[in-house]
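Below is one structure, written out as structure tokens; comments come after it.
The values are calculated or read from the model by the stated rules, or taken from the named source; none is laboratory data. Everything numeric here is computed off the predicted structure, so don't read it as measured data. A quick note on method: Cβ atoms are made from the backbone with ideal geometry, for glycine too, and the neighbour counts reach across all protein chains shown. All accessible areas refer to the heavy atoms of the entire protein, side chains included, with ligands and DNA or RNA removed. Shrake-Rupley method; radii C 1.70, N 1.55, O 1.52, S 1.80 Å.
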Amino acid sequence: MGETMHGLYSRPSSTGVRAVAILNGWEVSSWTELPMPVDPPLTSPWNRILAAPADSDVAAHLRHASPEVDWREWPVTAVLDGHLAYCDTSVTYQQLAALHARIEAKASSVEIRVVGGNADTVKVRMATTATVDELWDIPALIAAYQDVLPAPLAEREAEALLRHQHRPVSWYVDRPEDLAEVALSVWGLITGDNPAHTALEITRIARVRPRSPQPIP
């Protein structure tokens with residue numbers, strides 16, 4: 001018998017790159033993205049997948065593929081461990097207590113806010129206090145977007161990245177409305193989405209065709 005498939009798989013398609021995420025042999029999500037010559041830290045398709053709303057098909061697929069895991073706890077753990085810059089999620093009261101204990105024990109450079117809840121869960125926002133340009137190579141990202149986006153879109157995203165590069169990610173913990181209004185290139189970094197997917201979303205929203213992809217050495 002062969003090994004159970006697990007991971008991210010992709011192949012070229014007529015619209016870019018067709019990708020799929022497999023968890024314990026179960027397809028949990030599929031999407032299209034553009035070929036990008038960068039793979040920045042703290043970004044991954046898994047971040048988008050694992051942050052899916054609890055009532056979504058993706059979340060249902062995650063529960064089917066790995067029913068023993070409470071995926072609500074994953075984003076906050078990822079922020080604490082330096083694998084994700086920001087999260088907006090819900091946890092149980094027990095998980096919240098453990099979270100505060102970990103933050104105090106690690107003297108972590110993470111800010112957390114409780115912003116709502118109900119009898120069973122608490123809604124929290126968390127983020128690192130590092131600035132955008134401390135976490136990511138902004139010139140390399142700008143060059144990558146210039147490779148795949150039409151010039152006007154690439155210029156717009158470059159301006160947004162430069163405008164936000166010195167801002168701490170934790171700025172958005174108390175200002176979710178600001179995060180909702182930033183350019184997609186910035187939003188993708190903060191929330192951990194991979195730029196290849198973000199780039200295609202930029203072209204879809206603008207309703208333009210991406211540039212013909214250049215060969216990646």
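Can you name the residue in the range 51-73 that is closer than 21 Å to ALA196 by Cβ and modelled with pLDDT under 90 and, of all such residues, is most open to solvent (accessible area, probe 1.4 Å)? The residue in question is ALA51. When VAL122, VAL114, VAL76 are screened for being out of contact with any Gly (no Cβ under 9 Å at 6 or more places or on another chain), touching a residue at least 12 places away in the same chain (Cβ under 8 Å) and crowded, with 17+ Cβ neighbours inside 10 Å, only VAL76 passes.
Residue count for the range 166-189, restricted to those that are surrounded by fewer than 18 Cβ atoms within 10 Å (Cβ to Cβ) and assigned to a loop (DSSP other than H, G, I, E, B): 4. Select from the range 125-164 the residues that are exposed (fewer than 14 other Cβ atoms within 10 Å of the Cβ) and of a type in the set (Gly, Ala, Ser) and write down the one among them that is nearest to SER109 (Cα to Cα). Among those residues, the one meeting the criterion is ALA140.
How about the range 36-50: which of its residues are touching a residue at least 60 places away in the same chain (Cβ under 8 Å), open to solvent by less than 30 Å² (accessible area, probe 1.4 Å) and of a type in the set (A, V, I, L, M, F, W, C)? Once the filter is applied, which keeps residues that are touching a residue at least 60 places away in the same chain (Cβ under 8 Å), open to solvent by less than 30 Å² (accessible area, probe 1.4 Å) and of a type in the set (A, V, I, L, M, F, W, C), the range 36-50 yields only MET36.
Among the residues examined, PRO67 qualifies as assigned to a loop (DSSP other than H, G, I, E, B) and not small (Gly, Ala, Ser).
Restricting attention to the range 1-35, which residues are of a type in the set (Gly, Ala, Ser) and open to solvent by less than 30 Å² (accessible area, probe 1.4 Å)? If the condition is that a residue be of a type in the set (Gly, Ala, Ser) and open to solvent by less than 30 Å² (accessible area, probe 1.4 Å), then GLY7, GLY16, ALA19, ALA21, SER29 are the ones that fit.
Which numbered condition trips up CYS87, out of (1) open to solvent by less than 20 Å² (accessible area, probe 1.4 Å); (2) over 16 Å from ASP193 (Cβ atoms)? Just one mismatch for CYS87, condition (2).
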